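**Student:** I have a structure I would like to understand better, so I am pasting it below and will then ask my questions one at a time.
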Amino acid sequence: SAVISQKPSRDICQRGTSLTIQCQVDSQVTMMFWYRQQPGQSLTLIATANQGSEATYESGFVIDKFPISRPNLTFSTLTVSNMSPEDSSIYLCSVEGGQGLYEQYFGPGTRLTVT
Amino acid sequence: QKEVEQNSGPLSVPEGAIASLNCTYSDRGSQSFFWYRQYSGKSPELIMFIYSNGDKEDGRFTAQLNKASQYVSLLIRDSQPSDSATYLCAVYFDSGGSNYKLTFGKGTLLTVNP
């Protein structure tokens, strides 16, 4: 499976500011995914990012709040804009790949705390 | 709303026992099923995937799928304290317009006691 890295690994941010999270993959992938995992909760898909097209957002997530870039086949960014304490979560990127169909592999995550 | 249901636990088993983790899903048309293990403070790690009815074994892990009952399970034989983690069931759903997405259950916390 692909090796995925994320930056930063964690951050503490003030209310009203924005944070951009980077996701780097060691091989070219078509689809990259961004998830949120709130404290004590499971994973929720924010959006799917394909290279060369606009990201597809899930219900409850909007581009103004979570703009995504996908400039090439190995890199993507997620920005959390105008943050509030409710945005405190772990943000994870993932990619498809592997032996079968639709398996997703996750990066190490970015732990965000908004004060 | 496509759903994946898991018992939240915690499930506690003694070392060496079989741990049985269960998951049900709402969409009869689903074709792909996954189990992830997530240690505290870490990201999810894919440990098993299964696409066909029946059993699939990989080392101490066995995934079982029953599409008629919309049920998938994970058995861990000879459980070890290092297996203590949250286990997430995930199902690939058609969310409409041939858009598929991976939907996760809330996870079952497993504790293996030495």
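**Student:** Each residue of the range B:10-20 in order: what ³J(HN,Hα) in whole Hz does its phi give by Karplus 6.51 cos²θ - 1.76 cosθ + 1.60, θ = phi - 60°, with x for Gly and Pro?
**Tutor:** Values per residue, Gly and Pro as x: x, 9, 10, 10, x, 4, x, 7, 8, 9, 10 Hz.
**Student:** Report the far tail of the P(r) of chain A, meaning the percent of Cα-Cα pairs longer than 17 Å.
**Tutor:** Details: 3352 of 6555 pairs.
The answer is 51 percent, as a whole percent.
**Student:** Let me ask something else. Residue by residue, what Karplus-based ³J(HN,Hα) values in Hz, rounded to whole numbers, does the range A:14-21 have, using 6.51, -1.76 and 1.60 with θ = phi - 60° and x for Gly and Pro?
**Tutor:** Calculated HN-Hα couplings, in order: 8, 3, x, 8, 10, 9, 9, 9 Hz.
**Student:** Enter the accessible area per residue of chain B (Å², integer; probe 1.4 Å; all protein chains in place).
**Tutor:** 47
**Student:** Pick out which of A:R15, A:R36, A:R70 has the largest mean-square fluctuation in a Gaussian network model of chain A, springs linking Cα atoms closer than 10 Å.
**Tutor:** Of A:R15, A:R36, A:R70, the most mobile in the Gaussian network model is A:R15.
**Student:** Then there is this: Whole-Hz ³J(HN,Hα) for each residue in the range A:84-90, computed from phi via Karplus 6.51 cos²θ - 1.76 cosθ + 1.60 with θ = phi - 60°, x for glycine and proline: what do you get?
**Tutor:** Each residue of the range A:84-90 in turn: 10, x, 5, 7, 5, 6, 9 Hz.
**Student:** For the range A:47-115, just list the percent of Cα-Cα distances falling in each 5 Å bin from zero outward, please.
**Tutor:** 3, 14, 21, 26, 20, 10, 4, 1, 0
**Student:** Hey, if you put +1 on the Cβ of every Lys and Arg and -1 on every Asp and Glu Cβ in chain B, which of B:N113, B:S40, B:Y25 ends up farthest toward the positive end of that dipole?
**Tutor:** The listed residue farthest towards the positive side: B:Y25.
**Student:** Between B:A17 and residues 5 or more places away or on another chain, which pairs have amide H atoms under 5 Å apart, with H built 1.01 Å from N, and which residues are they?
**Tutor:** Here B:S79 satisfy the definition.
**Student:** Okay, next question. Find the cysteines in the protein assembly as shown that fail to meet the 4.7 Å Cβ criterion with every other cysteine, and list them.
**Tutor:** Flagged as lacking a Cys partner: A:C13.
**Student:** Could you tell me which GluC sites (Glu not before Pro) in the range B:9-80 are loop residues by DSSP with no more than 15 other beta carbons within 10 angstrom of their beta carbon?
**Tutor:** B:E15
**Student:** Then there's this: So what is the diffusion coefficient of the range B:27-114 in µm² per second by Stokes-Einstein at 10 °C and 1.306 mPa s, using a Kirkwood Rh over Cα pairs? Let's see the in-between values first.
**Tutor:** On the way: Rh = 13.8 Å.
Taking Rh from Cα pairs, D becomes 115 µm²/s.
**Student:** Can you give the relative contact order of chain B as a percent, counting alpha carbon pairs under 8 Å and 6+ residues apart?
**Tutor:** Normalised by residue count, the contact order of chain B is 37 percent.
**Student:** For labels at A:F61 and A:E86 in the simple 7 Å Cα→Cβ model, what's the distance in nm?
**Tutor:** 1.6
**Student:** Quick one, can you get me the convex hull of the C-alpha atoms of the protein assembly as shown expressed as volume per residue in Å³? All intermediate terms of the calculation are to be shown ahead of the outcome.
**Tutor:** Numbers: hull volume 28.2 nm³, N = 229.
Output value, Cα hull per residue: 123 Å³.
**Student:** Among A:S76, A:S88, A:S53, which one moves the most in a GNM of chain A with springs linking Cα atoms closer than 10 Å?
**Tutor:** Looking only at A:S76, A:S88, A:S53, the biggest GNM fluctuation is shown by A:S53.
**Student:** Can I ask one more? By how many nm would the segment from A:I12 to A:D26 lengthen if fully extended, with 0.36 nm per residue of separation less the alpha-carbon distance?
**Tutor:** Between A:I12 and A:D26, full extension yields an extra 2.3 nm.
**Student:** Using a 7 Å offset from Cα along Cα-Cβ at A:T115, what residues in the range A:18-42 end up with backbone N under 15 Å from the label point?
**Tutor:** none
**Student:** Still on this structure: With a cut-off of 18 Å, note down the residues of the range B:41-63 whose backbone N falls inside the zone around a label point 7 Å from the Cα of B:N7 toward its beta carbon.
**Tutor:** Backbone N within reach: B:62-63.
**Student:** Could you work out which residue, out of B:L74, B:L102, B:L21, moves most in a Gaussian network model of chain B, that is, has the largest mean-square fluctuation with Cα springs under 10 Å?
**Tutor:** Ranking B:L74, B:L102, B:L21 by mean-square fluctuation puts B:L102 first.
**Student:** Right, another one. Tell me the relative contact order for the range A:1-50 as a rounded percent, counting alpha carbon contacts under 8 Å between residues six or more apart.
**Tutor:** Relative contact order for the range A:1-50 comes out at 31 percent.
**Student:** Then there is this: Which trypsin sites (Lys or Arg not before Pro) does the range B:7-114 hold that lie in a coil by DSSP with at most 10 other beta carbons within 10 Å?
**Tutor:** Within the range B:7-114, the qualifying trypsin sites (Lys or Arg not before Pro) (loop, at most 10 other Cβ atoms within 10 Å) are B:R28.
**Student:** Only counting protein heavy atoms at a 1.4 Å probe, give the residues of the range A:42-57, ordered by number, whose accessible area falls by 40 Å² or more when the other protein chains are present relative to the chain alone.
**Tutor:** A:S42, A:L43
The values are calculated or read from the model by the stated rules, or taken from the named source; none is laboratory data. The structure displayed is predicted, hence computed values, not measured ones. Quick reminder, even Gly has a Cβ in these numbers, built from the backbone with ideal geometry, and neighbours come from all protein chains shown. Heads up: the accessible areas ignore ligands, DNA and RNA and are worked out on the full protein's heavy atoms, side chains in. Shrake-Rupley method; radii C 1.70, N 1.55, O 1.52, S 1.80 Å.
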